[in-house]
1. Identify all residues within region 1-37 that are at pLDDT 95 or above and either more than 18 Å from the chain's Cα centre (by Cα) or more than 30 Å from ARG70 (Cα to Cα) (or both); write none if there are none.
2. Return the residue satisfying two criteria in turn: it lies in region 18-31 and is within 19 Å of ARG159 (Cα to Cα) and free of Cβ contacts under 8 Å to residues at least 60 places away in the same chain, and of such residues it is least open to solvent (accessible area, probe 1.4 Å).
3. I need every pair where a residue in region 54-69 that is assigned to a loop (DSSP other than H, G, I, E, B) has its Cβ under 6 Å from the Cβ of a residue that is surrounded by fewer than 19 Cβ atoms within 10 Å (Cβ to Cβ) and of a type in the set (Ser, Thr, Tyr), sequence separation at least 6 or different chains.
4. From the list GLU51, GLU55, GLU79, which residue is closer than 12 Å to LEU19 by Cα, open to solvent by 30 Å² or more (accessible area, probe 1.4 Å) and of a type outside the set (Gly, Ala, Ser)?
5. Return the residues of region 138-162 that are among the hydrophobic types (A, V, I, L, M, F, W, C) and within 19 Å of ARG110 (Cα to Cα); say none if nothing qualifies.
Amino acid sequence: MADGSGQANADDRGDGLVLVAGSTGYVGRRLIPELLAAGHRVRCLARRPAELGSEDWIDHVEVVAGDVTRPATLPPAFEGVTAAYYLIHSIGAGEDWRERDQRAALEFRRAAEAVGTRQIIFLGGLGDANVGELSPHLASRHEVGETLAGGSVPVTELRAAV
C-alpha cells in the first residue's frame, strides 16, 4: 500500500521479513525460493537446521533453530516478522499427535501475537465437517486452522488436497 506519498511501502515491495515454519518439509523447501524471488527476506524455523544445509537458497535465508512445541524457542524466530507461514503437522509423531498439533498451533499463534506479526498463512486440508465425518488427519488440520485463527493475528488458510 502507498503511504500517502504515492510511494510503495516496504511490505508492498516484498522486503518484509517472512518466517517459514516447516521449512524442512516438502512445501516449505519449494515455497522458500519463491518467496526469495518475490523479494522477501526469509527466516526459516527448523528443529534440525542442518537438514537445510544442502539447499541452493541456504545462503540467502536466515535459519533459526526452534520447535513449535517448545515455546521458549520461538521468540528469536518471530523477532521482526511481518508474516509467518505455518506448514507444520505432527501426524505420525506418536499417539498424541493430534493434541501435539493443537499445542503447537497455540504456541505459534501466541508467539506471533507477542511481536505483532501481521499475518499467518496456514496450509490446511480440504473437507467439510458439516457434510459428514472427516478423517482424523483432516479434522486435525481444521482444528489447527481454528486454533491459529482464534487469536488477534489474521490468518489466511489455504486448503490443499492430497
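1. Of everything in region 1-37, just one residue is at pLDDT 95 or above and either more than 18 Å from the chain's Cα centre (by Cα) or more than 30 Å from ARG70 (Cα to Cα) (or both), namely ALA37.
2. Taking region 18-31 first, the residues within 19 Å of ARG159 (Cα to Cα) are 20-23, 25-31.
If we keep only those that are free of Cβ contacts under 8 Å to residues at least 60 places away in the same chain too, we end up with 26, 28-31.
On the way: TYR26: 162, GLY28: 1, ARG29: 55, ARG30: 122, LEU31: 36 Å².
The selected residue is GLY28.
3. GLY66/THR73; ASP67/THR73
4. On the way: GLU51 fails: closer than 12 Å to LEU19 by Cα; GLU55 fails: closer than 12 Å to LEU19 by Cα.
That would be GLU79, the only listed residue that is closer than 12 Å to LEU19 by Cα, open to solvent by 30 Å² or more (accessible area, probe 1.4 Å) and of a type outside the set (Gly, Ala, Ser).
5. Residues of region 138-162 among the hydrophobic types (A, V, I, L, M, F, W, C): 138-139, 144, 148-149, 153, 155, 158, 160-162.
Residues satisfying the conditions are VAL144, LEU148, ALA149, VAL153, VAL155.
The values are calculated or read from the model by the stated rules, or taken from the named source; none is laboratory data. Given the structure is predicted, the values throughout are model-derived calculations rather than measurements. Here the Cβ is made from the backbone with ideal geometry for all residues, glycine too, and neighbour counts use every protein chain on show. We work out accessible area using only protein heavy atoms, side chains counted, and drop any ligands, DNA or RNA first. Shrake-Rupley method; radii C 1.70, N 1.55, O 1.52, S 1.80 Å.
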